[in-house]
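Enquirer: I'd like to ask you about the structure that follows.
The values are calculated or read from the model by the stated rules, or taken from the named source; none is laboratory data. If you're wondering where the values come from, they're calculated on a predicted model, not measured in any experiment. When we count neighbours, we look across all protein chains shown, and the Cβ atoms used for this are built from the backbone with ideal geometry, even at glycine. Note: accessible area is taken over every heavy atom of the protein model, side chains too, but ligands, DNA and RNA are not part of it. Shrake-Rupley method; radii C 1.70, N 1.55, O 1.52, S 1.80 Å.
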Amino acid sequence: MTTPEYHVITDAKTMAVLIAPARLEILDAACVLGVCSAGDIAEMTGRSRTSLYPHIEQLLAAGLLLDAGTRPAGNRYEQLYKPVARQINMRHDSSDPENVANHAAYGKSICRQLARVFERATRHPDIRPRGPHRDTHCGAQTAWVDDATLAEINQHINRIWELCRHSEPAAGKRLVQIGVVVGPVRRNGNGPD
């Protein structure tokens, strides 16, 4: 059975599972790898295999990771997992305070994960910080936008997600992580200007 393309989280209990950056990173690795072992996830994330198991158990209990059987690994068999879908998102409901709080915590978790990825990347001498094949970049831009400009920005974001969603490992490809945060700037605690 193939893995579905999308899964949308709507309940607070499942959203709360992804507030921990480690679980978010594990689930992201599984979404990229497909069927994988804790060892595969450890190799991709740089985390120790033993530190992953409590998080994997919580992801399994939440239904975000699924049991995918076992495979031979030397003299033993290793457990395999797969994500519930290739892309997992949360539904935002601004009328539900618990949903809003979980969404904010999820955003912070993603930002911490991206900071960890960027920090590890900058330590490697083979990164490409400039040019058309740039694979390492961090920046922020604040801008005054109207609805037409915001629509254009969102078209670009959607195109990036489309390119990423259909990526597969192959010779000559390297794995990169791309994150985007867009939000209205609230000045003096008021609504958007």
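Enquirer: Anything in the stretch 59-76 that is outside any strand (DSSP E or B) and surrounded by fewer than 18 Cβ atoms within 10 Å (Cβ to Cβ)? List them, or say none.
Expert: If the condition is that a residue be outside any strand (DSSP E or B) and surrounded by fewer than 18 Cβ atoms within 10 Å (Cβ to Cβ), then LEU60, ALA61, GLY63, GLY74, ASN75 are the ones that fit.
Enquirer: On the given criteria, is LEU80 closer than 19 Å to VAL17 by Cα and not small (Gly, Ala, Ser)? Let's see the steps before the verdict.
Expert: Working: closer than 19 Å to VAL17 by Cα: no; not small (Gly, Ala, Ser): yes.
In short, no.
Enquirer: Filter the stretch 81-100 down to the residues that are surrounded by fewer than 17 Cβ atoms within 10 Å (Cβ to Cβ) and either assigned to a strand (DSSP E or B) or touching a helix residue (DSSP H, G or I) at 6+ places or on another chain (Cβ under 9 Å) (or both) and list them by number. Please lay out each step first, then the result.
Expert: Pass one, the stretch 81-100, residues surrounded by fewer than 17 Cβ atoms within 10 Å (Cβ to Cβ): 85, 87, 89, 91-98, 100.
Across the stretch 81-100, the qualifying residues are ALA85, GLN87, ASN89, ARG91, HIS92, ASP93, SER94, ASP96, GLU98.
Enquirer: Under the condition of being surrounded by 10 or more Cβ atoms within 10 Å (Cβ to Cβ) and small (Gly, Ala, Ser), which residue from the stretch 142-185 is farthest from ILE110 (Cα to Cα)?
Expert: Step by step, filter the stretch 142-185, then rank; the result is ALA151.
Enquirer: Here's another thing I want to ask about it. Which pairs have Cβ atoms under 6 Å, sit 6 or more apart or on different chains, and link a residue in the stretch 105-133 that is within 29 Å of THR14 (Cα to Cα) and among the aliphatic types (A, V, I, L, M) to one that is open to solvent by 60 Å² or more (accessible area, probe 1.4 Å) and not in a helix (DSSP H, G or I)?
Expert: VAL117/GLN177
Enquirer: Have a look at VAL8, VAL35 and point out the one that is open to solvent by 50 Å² or more (accessible area, probe 1.4 Å), among the aliphatic types (A, V, I, L, M) and more than 26 Å from GLU98 (Cα to Cα). First the steps, then the outcome.
Expert: Numbers: VAL8 fails: more than 26 Å from GLU98 (Cα to Cα).
From the options VAL8, VAL35, the qualifying one is VAL35.
Enquirer: If you don't mind, another one. Could you check, for the stretch 102-124, whether at least one of its residues is in a loop (DSSP other than H, G, I, E, B) and surrounded by 13 or more Cβ atoms within 10 Å (Cβ to Cβ)?
Expert: First, the residues of the stretch 102-124 that are in a loop (DSSP other than H, G, I, E, B): 123-124.
When the remaining residues are screened for being surrounded by 13 or more Cβ atoms within 10 Å (Cβ to Cβ), the result is none.
Within the stretch 102-124 (the criterion being in a loop (DSSP other than H, G, I, E, B) and surrounded by 13 or more Cβ atoms within 10 Å (Cβ to Cβ)), the answer is no, since none of the residues qualifies.
Enquirer: Which count do you get for residues in the stretch 42-67 that are without any contact (Cβ under 8 Å) to a residue 24 or more places away in the chain and under 20 Å from THR2 (Cα atoms)?
Expert: 3
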